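Presented below is the structure to which this report refers.
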């Protein structure tokens, strides 16, 4: 294998690495928050939140105690 | 046209917030809504009342049952009090019931014995921390006006030693809004917190003279929350959950938020004081017109099905006329009833903040979706 081929291969690997790890700033944060909403009922539903939903129960149980303001 | 929600849905499983020691506390946080009340008298709920409550509550409801233990500082009731709680719950547990105990503490009294107890009985522990030492010690003081930060950090360390990761509640005052970056950085990078919530201090009637000028305004809160959103995005940790951001996000994507002040399910909660008085929430303790009843002389069923609670549930659901044309009506539900101007039927004080932050985060979400779509195309 000559140098040009070897180097070309490295360039391709480097480009692939950059592409694979590229995430716009905030994308992981938003994706995480969106994923957590999937256990919640719709805003238009009369279904009650949290307690019927084990996932939400586990997720918020320790501090979401009815004192949120913001 | 946006439809006003006028009828109360089923109240479902009621969630008790139990003030086991009245207002008694070993700290003297300047902003505490019990600060103007007597915090020196140790008035622990009697065993008789505790048993009556646990028995009747577990008789009334099935499924997942929450017990939220509050104070004052609930640990001042003593470990035997909590051992008795667990004993009563075990004794009266029925098929189809699962119990979750939640305790909100200042963490200064936590030692190995408490931590072992919480771990053994799967208590969820919420700890009040306002930010780094400078922010925290600004208002969270002990009897001698000394800061409580170091004691709280020691308590958290003990909890973690026993495998308990506490949730954090940060209380926001006017002064602390100036330290938004320091506090965010402290929580995420130093304390290593993955989940916390923000409560804002607002003393409507300036009852607390020690806190004049510290009530959060719409401007304060809007700026603070937008800064938190920006920092949350930059931190870019998919596991990092700031309760307020999660609540706004849920509303934007048409889902129910987890918090009672967003999802309109405030009337599911009730506050039980050490003497048996039942109110909608401990934020309404001073309001005699909102007294649901007295467990020392009535049954829990009678209180929860009584006219005062049913009226409250109806009032909570009846939105302010301004909400009718608001695109965020179903995501906001006119906020916390304790912060509605002029009473339960009034408009939420932080309405402008809500609208502004919903819009801000929605823009961020749309930008994210655009980038995601762009990313998809480049990979084709």
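The values are calculated or read from the model by the stated rules, or taken from the named source; none is laboratory data. These figures come from a predicted structure and were not determined experimentally. Don't worry about glycine lacking a Cβ; one is built from the backbone with ideal geometry, like all the others, and counts go over all protein chains shown.
Quick notes on this structure:
- Evaluation of residue B:298 against (1) over 23 Å from residue A:44 (Cβ atoms); (2) without any contact (Cβ under 8 Å) to a residue 60 or more places away in the chain; (3) under 23 Å from the mean Cα position of the chain (by Cα); (4) more than 14 Å from chain A (Cβ to nearest Cβ) (one fails), failing number: (3)
- Boolean, residue B:252 is in contact (Cβ under 8 Å) with a residue 60 or more places away in the chain, within 22 Å of residue B:198 (Cβ to Cβ) and in contact with a helix residue (DSSP H, G or I) (Cβ under 7 Å, 6 or more places away or on another chain): yes
- No other residue among B:349, B:368 is touching a helix residue (DSSP H, G or I) at 6+ places or on another chain (Cβ under 8 Å) and surrounded by fewer than 21 Cβ atoms within 10 Å (Cβ to Cβ) apart from B:368.
- Checking each residue in the range B:61-109 for being more than 18 Å from residue B:127 (Cα to Cα) and within 14 Å of chain A (Cβ to nearest Cβ) picks out B:61, B:62, B:63, B:64, B:65, B:96, B:97, B:98, B:99.
- Hits in the range B:329-341 (condition: out of contact with any helix residue (DSSP H, G or I) (no Cβ under 7 Å at 6 or more places or on another chain) and at the interface with chain A (Cβ under 9 Å from one of its Cβ atoms)): B:330, B:339
- Count of the range B:78-118 residues which are more than 20 Å from the chain's Cα centre (by Cα), at pLDDT below 95 and buried (at least 20 other Cβ atoms within 10 Å of the Cβ): 0
- Test for residue B:258: is it more than 7 Å from every other protein chain (Cβ to nearest Cβ) and under 13 Å from the mean Cα position of the chain (by Cα): no
- Taken residue by residue, the range B:317-328 has at least one member that is more than 14 Å from chain A (Cβ to nearest Cβ) and part of a loop (DSSP other than H, G, I, E, B).
- Residue in the range B:204-216 that is in contact with a strand residue (DSSP E or B) (Cβ under 7 Å, 6 or more places away or on another chain) and within 8 Å of another protein chain (Cβ to nearest Cβ) present: no
- Taking the criterion of being away from chain A (no Cβ under 14 Å) and either assigned to a loop (DSSP other than H, G, I, E, B) or touching a strand residue (DSSP E or B) at 6+ places or on another chain (Cβ under 9 Å) (or both), the residues of the range B:342-365 that qualify are B:342, B:343, B:344, B:345, B:346, B:347.
- Among the residues making up the range B:90-103, a single one is in contact with a helix residue (DSSP H, G or I) (Cβ under 6 Å, 6 or more places away or on another chain) and either in a helix (DSSP H, G or I) or in contact (Cβ under 8 Å) with a residue 60 or more places away in the chain (or both): B:92.
- Filtered by the rule that a residue be in contact with a helix residue (DSSP H, G or I) (Cβ under 7 Å, 6 or more places away or on another chain), within 11 Å of chain A (Cβ to nearest Cβ) and not in a loop (DSSP other than H, G, I, E, B), the range B:221-240 gives B:221, B:222, B:224, B:225, B:228, B:229, B:231, B:232, B:233, B:235.
- Output for the range A:27-48, where each listed residue is more than 7 Å from every other protein chain (Cβ to nearest Cβ) and at pLDDT 85 or above: A:35
- The set of residues from the range B:263-282 being more than 7 Å from chain A (Cβ to nearest Cβ) and either more than 18 Å from residue B:14 (Cβ to Cβ) or not in a helix (DSSP H, G or I) (or both) comprises B:264, B:270, B:271, B:272, B:273, B:274, B:275, B:276, B:277, B:278, B:279, B:280.
- Of all residues in the range B:282-292, one or more are buried (at least 20 other Cβ atoms within 10 Å of the Cβ), in contact with a strand residue (DSSP E or B) (Cβ under 7 Å, 6 or more places away or on another chain) and closer than 30 Å to residue B:187 by Cβ.
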